[in-house]
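One structure is given here, and the rest of the page talks about it.
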Amino acid sequence: LNVTEEKFVLDTLAGCIEYKSLFDVVVNAFFVQDGRYCLISERNLYIVICYLATFQLEELGLQHFSRIVKSLDTAKMQKFLRFFFNALYLNTWIKDEWSQFYDSLYVKENWIDPLLRWQPKVQQLIEQLTDKLSNRTTTVKTSMVTQPKEFNLTVPRPRAIPIPLPIPILEKRPPVPPSTYKPPKEKKQLEEIKTKNRRKAEVSIRSLTCVCKGDTFFLNSLLVQGTFLAGREVVPSLPQYLEVVWELIDNIPIKLNAAAILREGALYQRKMEQELKRIENLLQGAGDPSEFLEWQKQMRGKDLEEQLAEIECRRLQGKLSHEEAVLAHQNVIQENKKKADLMREEKAELMNQYAKKRLQEQKEMREMVEQVVEGHKNAKQAKIKLRKYKQQIVQEVCEENRELLRQALEEEEEKLRKRYELIQQIRAIESLPSIRHKFVDLTETGGHGLICEMSIVELRERLALLREAQKAAEEEKRDQIIHEKQAKEQLLLDKLDQISLFRAELGRAAALKQEEKKRKSQSGERPVKDERILSLQKKIVEKTIERKKQAGLL
């Protein structure tokens with residue numbers, strides 16, 4: 001920095017430190033009210049702007065102050081200046097807070113009154129920042145752009161046309177075999193096999209009338225030949241054979257692993273214990289809970305029907321609210337059209353005001369350009385002085401560097417000399433002969449003075465004994481595992497016998513239950529719809545008709 005800029009920076013820094021208590025009041029209040037979303041790291045920026053506006057505005061002038069403000073973030077400066085130059089804030093709480101540190105009469109005459117005097121002109125600066133934020137700033141008149149001229153270059157000589165190379169004659173390639181464009185034979189064979197299997201399946205389905213309940217062989221052939229059964233749905237033209245087919249499917253054996261066998265055996269054991277306990281309670285005089293369970297089942301069925309009706313009501317209510325929302329949206333569109341017409345009228349008035357402001361800003365820009373030209377003239381003289389000062393500093397630094405290099409070279413030579421002497425000593429020591437052979441006795445100990453020392457021969461004997469003991473332990477463990485495996489297999493066989501008995505009994509009970517359920521479903525009646533559902537359906541139809549009429553008008 002030159003002398004004037006350095007003096008200005010130091011004065012600003014000293015003033016910010018001296019009057020820190022005053023600026024803290026304003027900046028803290030700004031962060032609480034208007035600057036809630038500003039960064040705390042920008043606190044020093046607002047303190048500097050506050051100092052310049054309070055103490056340096058008379059010396060700087062409005063133009064220099066405006067240049068400083070416009071070089072910073074427009075939104076932040078507009079928000080802070082609007083807060084600080086608020087006449088109500090200056091006359092009320094800012095004056096009261098500053099009067100706690102200095103005399104109230106001194107505060108009013110020296111600080112508050114000048115700020116209020118500058119408030120109208122600063123307000124114009126705030127309006128300019130506001131216009132810039134709303135993309136209505138005036139475009140700066142650009143200077144003339146330098147037009148480039150073409151260089152007067154010599155025209156290059158035309159290049160000679162090269163002699164074309166002879167086109168090489170390629171060998172004739174063999175043609176593409178016709179099998180490339182034909183489908184493979186295997187695909188046709190697979191399709192023929194599929195059609196044959198499907199015809200066989202249709203023939204076997206027609207002959208299903210002669211199938212008895214124990215004819216599992218026919219079921220296996222039916223499944224192999226490609227009859228597709230999805231869930232409990234078979235070909236709809238054969239409903240009379242469904243029961244026979246599914247009884248055969250239920251009897252297909254399933255291979256179980258050990259965990260499944262033990263799990264199912266434990267389940268059946270637990271059920272058997274519960275049944276024994278129930279019989280003991282009945283023998284001791286307890287009541288049969290079957291009536292209560294039947295009543296409980298009926299009540300749960302009624303609750304389920306009520307829940308389904310409630311769900312249907314909610315769905316219809318949601319549909320009704322959707323129709324109402326569509327009607328409300330159409331009304332909002334009409335209101336928005338009216339508001340758009342009003343906005344166009346207001347926009348025309350604002351454009352007239354914008355044209356007037358633009359003329360005023362052009363005048364201010366001309367004055368600013370004249371000031372910048374004067375500043376460039378003073379900058380040239382300052383650059384010449386700065387260049388001479390830098391040349392002097394470079395000469396002094398070069399002399400110091402030469403002296404430091406000479407000292408470094410001397411120190412490096414001394415280190416190399418000492419290193420060379422040390423290497424010669426090491427080489428002399430290495431050239432001496434040394435005894436490299438050592439005779440080892442495997443029966444002697446190491447001689448380290450430890451209690452657990454032993455020779456290599458003794459160590460090998462002990463390792464051999466440990467291996468023999470380990471082999472014996474492994475044989476014993478293997479025999480134990482074989483016995484446990486045999487016991488487990490016997491247990492699984494017993495559990496399988498028990499599971500087969502329980503499955504047979506459960507199958508009979510399920511068949512009886514299925515027949516009873518069919519009788520009840522045949523004798524049952526269809527439930528009547530709820531009145532709330534019917535009323536909601538009527539309302540939805542009415543709202544839909546009204547919405548379509550409104551859409552036609554739009």
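The values are calculated or read from the model by the stated rules, or taken from the named source; none is laboratory data. Given the structure is predicted, the values throughout are model-derived calculations rather than measurements. Note that each Cβ is placed from the backbone with ideal geometry, even for glycine, and that neighbours are counted across all protein chains shown. To get the accessible areas, we keep the full protein, side chains included, count just its heavy atoms, and leave off ligands, DNA and RNA. Shrake-Rupley method; radii C 1.70, N 1.55, O 1.52, S 1.80 Å.
Among the candidates Ile482, Ile423, Ile456, which residue alone is of a type in the set (Val, Ile, Thr), farther than 30 Å from Ala258 by Cα and out of contact with any Leu (no Cβ under 8 Å at 6 or more places or on another chain)? Step through it out loud before you land on a result.
Values: Ile482 fails: farther than 30 Å from Ala258 by Cα; Ile456 fails: out of contact with any Leu (no Cβ under 8 Å at 6 or more places or on another chain).
Exactly one residue qualifies, and that residue is Ile423.
Please state which of the following conditions Glu42 fails to meet, knowing it meets all the rest: (1) closer than 24 Å to Glu127 by Cβ; (2) open to solvent by 50 Å² or more (accessible area, probe 1.4 Å); (3) not hydrophobic (A, V, I, L, M, F, W, C).
All conditions are met except number (2).
Return yes when Val369 is surrounded by 10 or more Cβ atoms within 10 Å (Cβ to Cβ) and among the β-branched types (Val, Ile, Thr) and no when it is not. Give the steps one after another, and end with the answer.
Working: surrounded by 10 or more Cβ atoms within 10 Å (Cβ to Cβ): yes; among the β-branched types (Val, Ile, Thr): yes.
Yes; evaluated as a whole, the condition is true for this residue.
From the set of residues in the range 343-366 that are open to solvent by less than 100 Å² (accessible area, probe 1.4 Å) and aliphatic (A, V, I, L, M), which is modelled with the highest pLDDT?
Step by step, filter the range 343-366, then rank; the result is Leu350.
Out of the range 36-70, which residues are assigned to a helix (DSSP H, G or I) and in contact with a Ser or Thr (Cβ under 8 Å, 6 or more places away or on another chain)?
To start, the set of residues in the range 36-70 that are assigned to a helix (DSSP H, G or I) comprises 40-55, 57-70.
Val48, Tyr51, Leu52, listed by residue number.
Please state which of the following conditions Val457 fails to meet, knowing it meets all the rest: (1) under 30 Å from Leu267 (Cα atoms); (2) touching a residue at least 12 places away in the same chain (Cβ under 8 Å); (3) open to solvent by less than 70 Å² (accessible area, probe 1.4 Å).
(1)
Do we have Leu492 as at pLDDT below 90, more than 56 Å from the chain's Cα centre (by Cα) and within 30 Å of Tyr268 (Cα to Cα) here? Walk me through how you get there before you give the answer.
Values: at pLDDT below 90: yes; more than 56 Å from the chain's Cα centre (by Cα): no; within 30 Å of Tyr268 (Cα to Cα): yes.
Taking the combined requirement at face value, the residue does not satisfy it.
Working only within the range 300-319, note down all residues that are open to solvent by less than 50 Å² (accessible area, probe 1.4 Å) and either without any contact (Cβ under 8 Å) to a residue 24 or more places away in the chain or under 14 Å from Lys538 (Cα atoms) (or both). Give the derivation first.
Here is the first cut: in the range 300-319, the ones open to solvent by less than 50 Å² (accessible area, probe 1.4 Å) are 301, 309, 313, 316, 318.
Within the range 300-319, Gly301, Cys313, Leu316, Gly318 meet the criteria.
Which pairs have Cβ atoms under 6 Å, sit 6 or more apart or on different chains, and link a residue in the range 377-402 that is touching a residue at least 12 places away in the same chain (Cβ under 8 Å) to one that is among the polar types (S, T, N, Q) and not in a helix (DSSP H, G or I)?
Between residues of the range 377-402 that are touching a residue at least 12 places away in the same chain (Cβ under 8 Å) and residues that are among the polar types (S, T, N, Q) and not in a helix (DSSP H, G or I), the close pairs are Ala382/Asn2.
Condition check: over 22 Å from Leu62 (Cβ atoms), in a helix (DSSP H, G or I) and basic (Lys, Arg). Does Arg358 satisfy that? Break it down into steps so the answer makes sense when it comes.
Details: over 22 Å from Leu62 (Cβ atoms): no; in a helix (DSSP H, G or I): yes; basic (Lys, Arg): yes.
Here the answer is no, as Arg358 does not meet what is asked.
Can you run down the residue pairs with Cβ atoms below 6 Å, 6 or more apart or on separate chains, where the first is in the range 500-511 and of a type outside the set (A, V, I, L, M, F, W, C) and the partner is open to solvent by less than 60 Å² (accessible area, probe 1.4 Å) and modelled with pLDDT of 85 or more?
none
Of these, Arg519, Arg532, Arg508, which one is in contact with a helix residue (DSSP H, G or I) (Cβ under 6 Å, 6 or more places away or on another chain), in a helix (DSSP H, G or I) and not aromatic (Phe, Trp, Tyr)? If you could, list the steps in order and put the result at the bottom.
Working: Arg519 fails: in contact with a helix residue (DSSP H, G or I) (Cβ under 6 Å, 6 or more places away or on another chain); Arg508 fails: in contact with a helix residue (DSSP H, G or I) (Cβ under 6 Å, 6 or more places away or on another chain).
On inspection, the qualifying residue turns out to be Arg532.
Mind listing whichever residues of the range 3-39 are within 30 Å of Asn378 (Cα to Cα) and either among the hydrophobic types (A, V, I, L, M, F, W, C) or open to solvent by 70 Å² or more (accessible area, probe 1.4 Å) (or both)? Spell out the reasoning first.
Going through the range 3-39, the residues within 30 Å of Asn378 (Cα to Cα) turn out to be 3-16.
Residues satisfying the conditions are Val3, Thr4, Glu5, Glu6, Lys7, Phe8, Val9, Leu10, Leu13, Ala14, Cys16.
Could you please let me know if Val69 is more than 22 Å from Glu374 (Cα to Cα), touching a residue at least 60 places away in the same chain (Cβ under 8 Å) and buried (at least 17 other Cβ atoms within 10 Å of the Cβ)?
No; evaluated as a whole, the condition is false for this residue.
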